[in-house]
Amino acid sequence: MTQTGQPRDDSPAGEGRVHHKLGLRENWWQFSLFTIITLLIGMTIGVERVALPPLAQHAFGVTSVLYIVSFIAAFGLVKSVMNLVAGRLSDRRGRKGILLAGWAFAIPYALIIIFATAWWQVIIANLFLGVNQALTWTMSVTAKIDLVGPVNRGLAVGIDESAGYVGVGVGGFLAGLLVTSYGLRPTPYLLVLGVVVIGVLVTLGPAKETLPFAHSESMGSGPDAKVHPAQPAPKLTRLGVYMSWHDRSMLAVCQAGFINKFADSLVAAFFPLFLLRRGVSVAEVGLLVGIYAWVWGFGQVASGALADRIGRKFPITVGTFLISGGLAVFVGASSHALWYLAVILMGAGMALVYPNLITTVGDTADPKWRGGALGVYRLWRDGGYAVGPLVLGGVAVFAGVSVAIWVGTVLVGLSGLILLLLFKETDPKRRKHEPAWRTHPEWVAPRA
């Protein structure tokens, strides 16, 4: 039953049969379940960030920086493409089934690494992890946006991303402890398998399909939808061109997500190499990576709520410059205290940027094709994982890891300038311009 007393139809095909109440308070139980799911998803990727770079050197004798960071490029390539596929499919088939499929891909990832005898097998394993993260995380954040509707959207995404990156920090910290106590394999990846089992049980059990909530929003459950009727879903190619070029605010958002992953790939692959070469223990590397993720994670709740009150542009732009500053402090420092300061600055910047970039897409897209729009954005964003490690790894080969981090610092700073110039406020309560697709419907309309 719905809260209005009508029968509930939670199937994707249930569009048009019932209006579902939207809101964080109205759907707190389902929202909480998907938050737990996001925490578990973050733990899965957190293990890799600490356990894999030393595995390359100590288990497989890999010394090439470019070869070591190739696992992130493989991960990012698959994740970015599967984000696009998952977002589009979820608009047609629903969120829950794709989420379950995503959990299944984490199992071969863990097993391949446990039994791997060569580094190329680890790279193959990361293809499975990329699919896992794309399907699960895309669905978990989309589900939360479905449940809350247009009100408090920033807070909802902030909570989602907070849970995920707290999970990344927990996974990284636990991996560091497990590696120190029991070795590089298999214990950290047994932790991954345990997390997957819990995730499957929660998803199969109490978690519900949320696509009908998006349909309710598009049919008029919110004030924005009443004024602007839902539009037909555009072709994926048209949606990609719209997000990447026609709407200059979305272009700015997409490039910001792309460069954001350059910065995050530095933390995932280059920071451990940088620190290990300076005699820092694996346990302390895990702690530094964990602090970065925890500041990022916990800060996103406040950041999302802040964006609901002052708009999206200020926190996104300030946060981008803060990330660049944190990178500069890290690479320019030679003391433990400054390294801790640097990861705190970077985590705070990520907290301001990361959830609010997603929220801008939720602000802009029609609920009918929001999953596809989020998929396009996440294609761009996680494409940074595919390109960043290769570009920065190439710089590291010829000029050193420190120079690669400096290059990342400059690129993030330039991304902030692009946001200043192109990005227009998208918060429905504060924007001065309608989304570009409303003034130019031909940009997203299906061709006749």
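The values are calculated or read from the model by the stated rules, or taken from the named source; none is laboratory data. What you are looking at is a predicted structure, and each value in this text was computed from that prediction instead of being measured. Here the Cβ is made from the backbone with ideal geometry for all residues, glycine too, and neighbour counts use every protein chain on show. The accessibility values were calculated without ligands, DNA or RNA, using every heavy atom of the protein model including side chains. Shrake-Rupley method; radii C 1.70, N 1.55, O 1.52, S 1.80 Å.
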Those residues of the range 392-405 which are at pLDDT 95 or above and under 24 Å from the mean Cα position of the chain (by Cα) amount to 404, 405
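Does residue 5 satisfy the criteria of being on the phi > 0 side of the Ramachandran plot and either at pLDDT below 85 or open to solvent by less than 10 Å² (accessible area, probe 1.4 Å) (or both)?
Details: on the phi > 0 side of the Ramachandran plot: yes; either at pLDDT below 85 or open to solvent by less than 10 Å² (accessible area, probe 1.4 Å) (or both): yes.
Here the answer is yes, as residue 5 does meet what is asked.
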Among 264, 247, the single one that is touching a residue at least 24 places away in the same chain (Cβ under 8 Å), touching a Ser or Thr at 6+ places or on another chain (Cβ under 8 Å) and under 20 Å from residue 361 (Cβ atoms) is 247
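Return the residues of the range 80-94 that are open to solvent by less than 10 Å² (accessible area, probe 1.4 Å) and either modelled with pLDDT of 90 or more or within 14 Å of the chain's Cα centre (by Cα) (or both); say none if nothing qualifies. Please lay out each step first, then the result.
Taking the range 80-94 and keeping what is open to solvent by less than 10 Å² (accessible area, probe 1.4 Å), we get 80, 83, 86-87, 90, 94.
80, 83, 86, 87 - these are the residues of the range 80-94 that are open to solvent by less than 10 Å² (accessible area, probe 1.4 Å) and either modelled with pLDDT of 90 or more or within 14 Å of the chain's Cα centre (by Cα) (or both).
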Contact list, first residue from the range 327-353 and in contact (Cβ under 8 Å) with a residue 24 or more places away in the chain and under 17 Å from residue 277 (Cβ atoms), second anywhere and open to solvent by less than 30 Å² (accessible area, probe 1.4 Å) and outside any helix (DSSP H, G or I), beta-carbon distance below 7 Å, six or more apart or interchain, is 339/333
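Being part of a helix (DSSP H, G or I), closer than 27 Å to residue 111 by Cα and open to solvent by 10 Å² or more (accessible area, probe 1.4 Å) is the requirement here; does residue 201 meet it? If you could, list the steps in order and put the result at the bottom.
On the way: part of a helix (DSSP H, G or I): yes; closer than 27 Å to residue 111 by Cα: yes; open to solvent by 10 Å² or more (accessible area, probe 1.4 Å): yes.
Criteria met by residue 201.
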Item to check | Residue match in the range 394-401 (condition: open to solvent by 10 Å² or more (accessible area, probe 1.4 Å), at positive phi and not in a helix (DSSP H, G or I)) | outcome: yes
Note on the range 345-368: residues assigned to a helix (DSSP H, G or I) and either at pLDDT below 90 or not hydrophobic (A, V, I, L, M, F, W, C) (or both) are 347, 349, 354, 355, 356, 359, 360, 362, 363, 364, 367, 368
Note on residue 356: of the conditions (1) open to solvent by 10 Å² or more (accessible area, probe 1.4 Å); (2) touching a Pro at 6+ places or on another chain (Cβ under 6 Å), unmet is (1)
Is there a residue being touching a residue at least 40 places away in the same chain (Cβ under 8 Å), aromatic (Phe, Trp, Tyr), surrounded by 24 or more Cβ atoms within 10 Å (Cβ to Cβ) and more than 17 Å from residue 246 (Cα to Cα) anywhere in the range 374-390?
-> yes
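Starting from residues that are in a helix (DSSP H, G or I) and of a type in the set (A, V, I, L, M, F, W, C), keep the ones in the range 20-39 and report whichever is nearest to the chain's Cα centre (by Cα). Write out each step before concluding.
Of all residues in the range 20-39, those in a helix (DSSP H, G or I) come to 28-39.
Within this subset, residues satisfying the condition of being of a type in the set (A, V, I, L, M, F, W, C) are 28-29, 31, 33-34, 36-37, 39.
Values: 28: 22, 29: 23, 31: 18, 33: 18, 34: 15, 36: 15, 37: 14, 39: 12 Å.
Ranking the qualifying residues of the range 20-39, first place goes to 39.
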For the range 52-75, pairs from a residue that is over 19 Å from residue 127 (Cβ atoms) to a residue that is open to solvent by 10 Å² or more (accessible area, probe 1.4 Å) and outside any helix (DSSP H, G or I), with Cβ under 6 Å and 6 or more apart or across chains, are 59/184
Discussion item. Regarding the range 437-446, can at least one residue be identified that is without any contact (Cβ under 8 Å) to a residue 12 or more places away in the chain, in a loop (DSSP other than H, G, I, E, B) and within 30 Å of residue 306 (Cα to Cα)?
Written reply: no
